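Have a look at the structure below, then the notes.
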Amino acid sequence: MKFCGHCSAPVSLVIPQGDNRHRYVCDKCDFIFYENPRIIAGTIPVFGSKVLLCKRAIEPRLGYWTLPAGFMENGETTQQAALRETYEEAYASPELGPLFSVCNLPKGNQVHVFYLAHMTVAEYGSGPESLEVKLYDEADIPWDDIAFGTVTQTLKRFFEDRKQGIEQLHHIDF
Ligand SMILES: [Zn+2]
(Lines give C-alpha, C1' and ligand atoms only; values in the text may rest on other atoms or scores of the structure.)
Protein backbone atom coordinates (compact mmCIF):
# COMPACT_ATOMS: atom_id res chain seq x y z
CA MET A 1 0.00 0.00 0.00
CA LYS A 2 1.45 3.39 -1.02
CA PHE A 3 -1.43 5.87 -1.03
CA CYS A 4 -4.43 6.58 1.14
CA GLY A 5 -7.72 5.29 -0.27
CA HIS A 6 -9.53 8.26 1.23
CA CYS A 7 -7.43 11.31 0.36
CA SER A 8 -4.75 9.85 -1.99
CA ALA A 9 -1.87 11.16 0.15
CA PRO A 10 1.11 8.87 0.78
CA VAL A 11 0.88 6.38 3.67
CA SER A 12 3.57 5.29 6.13
CA LEU A 13 4.04 1.98 7.91
CA VAL A 14 4.11 2.90 11.59
CA ILE A 15 2.94 1.65 14.98
CA PRO A 16 0.01 3.93 15.88
CA GLN A 17 -0.17 5.30 19.41
CA GLY A 18 -1.70 2.74 21.76
CA ASP A 19 -1.14 -0.09 19.24
CA ASN A 20 1.54 -2.76 19.17
CA ARG A 21 1.67 -3.62 15.47
CA HIS A 22 2.73 -1.83 12.32
CA ARG A 23 -0.15 -0.34 10.32
CA TYR A 24 -0.35 1.77 7.20
CA VAL A 25 -1.36 5.25 8.32
CA CYS A 26 -2.16 8.16 6.03
CA ASP A 27 0.38 10.99 6.32
CA LYS A 28 -2.32 13.58 5.72
CA CYS A 29 -5.69 12.44 7.13
CA ASP A 30 -4.26 9.98 9.72
CA PHE A 31 -6.59 7.17 8.62
CA ILE A 32 -5.33 3.81 9.91
CA PHE A 33 -5.64 0.92 7.46
CA TYR A 34 -6.14 -2.26 9.49
CA GLU A 35 -5.42 -5.41 7.53
CA ASN A 36 -6.97 -8.63 8.80
CA PRO A 37 -7.03 -12.26 7.67
CA ARG A 38 -9.36 -13.28 4.87
CA ILE A 39 -11.78 -16.17 5.22
CA ILE A 40 -12.14 -18.83 2.54
CA ALA A 41 -15.22 -21.04 2.86
CA GLY A 42 -15.92 -24.27 1.01
CA THR A 43 -17.57 -27.67 1.12
CA ILE A 44 -16.71 -31.34 0.98
CA PRO A 45 -19.52 -32.42 -1.37
CA VAL A 46 -20.14 -36.12 -0.78
CA PHE A 47 -22.13 -38.40 -3.10
CA GLY A 48 -22.20 -42.00 -1.84
CA SER A 49 -18.58 -43.09 -1.50
CA LYS A 50 -17.32 -40.25 -3.67
CA VAL A 51 -16.23 -36.64 -3.17
CA LEU A 52 -16.63 -33.86 -5.72
CA LEU A 53 -13.44 -32.08 -6.79
CA CYS A 54 -12.86 -29.17 -9.18
CA LYS A 55 -9.90 -28.68 -11.50
CA ARG A 56 -8.94 -25.02 -11.27
CA ALA A 57 -9.28 -22.88 -14.39
CA ILE A 58 -7.70 -19.85 -12.68
CA GLU A 59 -4.49 -18.95 -10.89
CA PRO A 60 -3.21 -19.63 -8.35
CA ARG A 61 -2.67 -23.35 -8.90
CA LEU A 62 -4.32 -23.49 -12.33
CA GLY A 63 -4.84 -27.11 -13.42
CA TYR A 64 -4.73 -28.47 -9.88
CA TRP A 65 -7.67 -30.05 -8.07
CA THR A 66 -9.50 -28.50 -5.15
CA LEU A 67 -12.64 -28.71 -3.09
CA PRO A 68 -15.08 -25.97 -4.11
CA ALA A 69 -14.21 -22.95 -1.96
CA GLY A 70 -13.59 -19.24 -2.20
CA PHE A 71 -13.42 -15.89 -0.47
CA MET A 72 -16.37 -14.89 1.69
CA GLU A 73 -18.27 -11.82 0.55
CA ASN A 74 -19.47 -9.08 2.89
CA GLY A 75 -22.97 -9.75 4.15
CA GLU A 76 -22.63 -13.52 3.98
CA THR A 77 -22.44 -16.26 6.58
CA THR A 78 -19.71 -18.87 6.18
CA GLN A 79 -22.44 -21.38 5.33
CA GLN A 80 -23.82 -19.16 2.57
CA ALA A 81 -20.34 -18.53 1.20
CA ALA A 82 -19.54 -22.26 1.15
CA LEU A 83 -22.75 -23.10 -0.72
CA ARG A 84 -22.39 -20.17 -3.12
CA GLU A 85 -18.85 -21.17 -4.01
CA THR A 86 -19.95 -24.79 -4.45
CA TYR A 87 -22.55 -23.70 -6.95
CA GLU A 88 -20.33 -21.20 -8.75
CA GLU A 89 -17.42 -23.61 -9.18
CA ALA A 90 -19.22 -26.94 -9.50
CA TYR A 91 -22.88 -26.17 -10.31
CA ALA A 92 -23.75 -28.40 -7.37
CA SER A 93 -26.33 -27.66 -4.67
CA PRO A 94 -25.65 -30.13 -1.86
CA GLU A 95 -27.33 -30.10 1.55
CA LEU A 96 -24.98 -28.42 3.99
CA GLY A 97 -23.82 -30.53 6.95
CA PRO A 98 -21.63 -29.79 9.95
CA LEU A 99 -18.43 -27.77 9.92
CA PHE A 100 -15.58 -30.22 9.27
CA SER A 101 -12.32 -28.27 9.36
CA VAL A 102 -10.95 -24.89 10.40
CA CYS A 103 -7.52 -24.32 8.86
CA ASN A 104 -5.36 -21.46 10.20
CA LEU A 105 -2.75 -20.03 7.83
CA PRO A 106 -1.11 -17.26 9.86
CA LYS A 107 1.73 -16.92 7.33
CA GLY A 108 -0.74 -16.41 4.50
CA ASN A 109 -3.16 -14.31 6.58
CA GLN A 110 -6.06 -16.62 5.76
CA VAL A 111 -8.51 -18.96 7.47
CA HIS A 112 -10.04 -21.79 5.43
CA VAL A 113 -13.23 -23.48 6.63
CA PHE A 114 -14.83 -26.54 5.05
CA TYR A 115 -18.33 -27.88 5.67
CA LEU A 116 -19.49 -31.40 4.99
CA ALA A 117 -22.17 -31.37 2.31
CA HIS A 118 -24.46 -34.16 1.17
CA MET A 119 -25.28 -34.46 -2.53
CA THR A 120 -28.70 -36.04 -2.96
CA VAL A 121 -28.23 -36.23 -6.74
CA ALA A 122 -25.11 -36.46 -8.91
CA GLU A 123 -25.82 -33.12 -10.56
CA TYR A 124 -22.78 -30.95 -11.17
CA GLY A 125 -20.81 -29.23 -13.91
CA SER A 126 -17.86 -26.96 -14.57
CA GLY A 127 -18.37 -23.37 -13.50
CA PRO A 128 -16.30 -20.56 -15.06
CA GLU A 129 -13.48 -21.08 -12.54
CA SER A 130 -13.26 -24.85 -13.16
CA LEU A 131 -11.79 -26.77 -16.10
CA GLU A 132 -13.40 -30.00 -14.96
CA VAL A 133 -15.54 -31.21 -12.07
CA LYS A 134 -15.51 -34.86 -11.10
CA LEU A 135 -16.63 -37.30 -8.39
CA TYR A 136 -13.68 -39.20 -6.93
CA ASP A 137 -13.40 -42.36 -4.86
CA GLU A 138 -10.65 -42.19 -2.26
CA ALA A 139 -8.44 -44.57 -4.28
CA ASP A 140 -8.59 -42.27 -7.31
CA ILE A 141 -7.92 -38.90 -5.62
CA PRO A 142 -5.05 -37.17 -7.47
CA TRP A 143 -3.09 -36.50 -4.25
CA ASP A 144 -0.06 -35.10 -6.09
CA ASP A 145 -2.21 -32.61 -7.95
CA ILE A 146 -4.23 -31.10 -5.10
CA ALA A 147 -4.07 -27.31 -5.24
CA PHE A 148 -3.78 -26.42 -1.55
CA GLY A 149 -2.47 -28.01 1.66
CA THR A 150 -5.72 -27.19 3.44
CA VAL A 151 -7.63 -29.27 0.87
CA THR A 152 -5.18 -32.20 1.13
CA GLN A 153 -5.39 -32.24 4.93
CA THR A 154 -9.17 -31.84 4.94
CA LEU A 155 -9.62 -34.71 2.47
CA LYS A 156 -7.20 -37.02 4.31
CA ARG A 157 -8.99 -36.43 7.60
CA PHE A 158 -12.37 -36.87 5.96
CA PHE A 159 -11.46 -40.33 4.65
CA GLU A 160 -9.80 -41.31 7.97
CA ASP A 161 -12.88 -40.31 9.96
CA ARG A 162 -15.17 -42.13 7.58
CA LYS A 163 -13.18 -45.36 7.96
CA GLN A 164 -13.43 -45.07 11.72
CA GLY A 165 -17.06 -44.01 11.66
CA ILE A 166 -16.46 -40.84 13.65
CA GLU A 167 -17.59 -37.25 13.19
CA GLN A 168 -15.44 -34.50 14.61
CA LEU A 169 -14.34 -30.96 13.98
CA HIS A 170 -10.71 -30.60 12.90
CA HIS A 171 -8.53 -27.60 13.78
CA ILE A 172 -5.54 -27.64 11.46
CA ASP A 173 -2.67 -25.15 11.77
CA PHE A 174 -0.26 -24.50 8.91
ZN1 LIG B 1 -5.66 10.06 3.84
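The values are calculated or read from the model by the stated rules, or taken from the named source; none is laboratory data. This structure is a prediction, so every number in the text was calculated from the model and none was measured. When we count neighbours, we look across all protein chains shown, and the Cβ atoms used for this are built from the backbone with ideal geometry, even at glycine. Quick note on the areas: whole protein, heavy atoms, side chains included, nothing else; ligands and nucleic acids left out. Shrake-Rupley method; radii C 1.70, N 1.55, O 1.52, S 1.80 Å.
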Subject >> Residue-normalised accessible area of the range 25-174, expressed per residue, 1.4 Å probe, Å² >> reply: 54
**OP:** Can you grab the distance from the C-alpha centre of the range 110-127 to the C-alpha centre of the range 1-65, Å, no decimals?
**Re:** 23
Original post:
How large is the dipole of the chain about the Cα centre if only Lys and Arg carry +1 and Asp and Glu carry -1, each at its Cβ, rounded to the nearest 20 debye?
Top reply: 400
Original post:
For the Cα atoms of the chain, what angle does the longest principal axis make with the long axis of helix 78-90, in degrees from 0 to 90, nearest 10?
Top reply: 60
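Please tell me the relative contact order of the chain in percent, rounded to the nearest whole number, where contacts are Cα pairs under 8 Å and at least six residues apart. Write down the numbers at each step before the final one.
Working: 352 pairs, mean separation 38.8, N = 174.
About 22 percent, as a whole number.
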**OP:** For the chain, please report how many Lys pairs fall under 30 Å Cα to Cα, leaving out neighbours fewer than 8 apart on the same chain.
**Re:** 12
**OP:** Mind giving me the nanometre distance, one decimal, between the label points for I172 and K156, set 7 Å out from Cα along Cα→Cβ?
**Re:** 0.8
Subject >> Folded to 0 to 90 degrees: helix 149-164 orientation relative to the chain principal axis, Cα >> reply: 40
Subject >> Shape call, the chain: gyration tensor on alpha carbons, a/c limit 1.5 >> reply: prolate
Original post:
So which residue, out of S49, S101, S12, gets the largest mean-square fluctuation from a GNM of the chain using Cα contacts under 10 Å as springs?
Top reply: S12
Original post:
Once every DSSP H run of n ≥ 4 in the chain is given -39500 (n - 2.57) and the sum is divided by its residues, what mean residue ellipticity at 222 nm do you get, rounded to the nearest 500 deg cm²/dmol?
Top reply: -5500 deg cm²/dmol
**OP:** Name the residues whose placed amide hydrogens come within less than 5 Å of the amide hydrogen of A117, ignoring near sequence neighbours (fewer than 5 apart) on the same chain.
**Re:** I44, V46, G97
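In the range 1-135, carbon and sulfur make up what percent of the accessible area (probe 1.4 Å)?
On the way: 3940 of 7640 Å².
With neighbouring chains kept in place, the figure for the range 1-135 is 52 percent.
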Subject >> Summed side-chain charge close to N109 - residues other than N109 whose Cβ falls under 9 Å, Lys, Arg +1, Asp, Glu -1 >> reply: +1
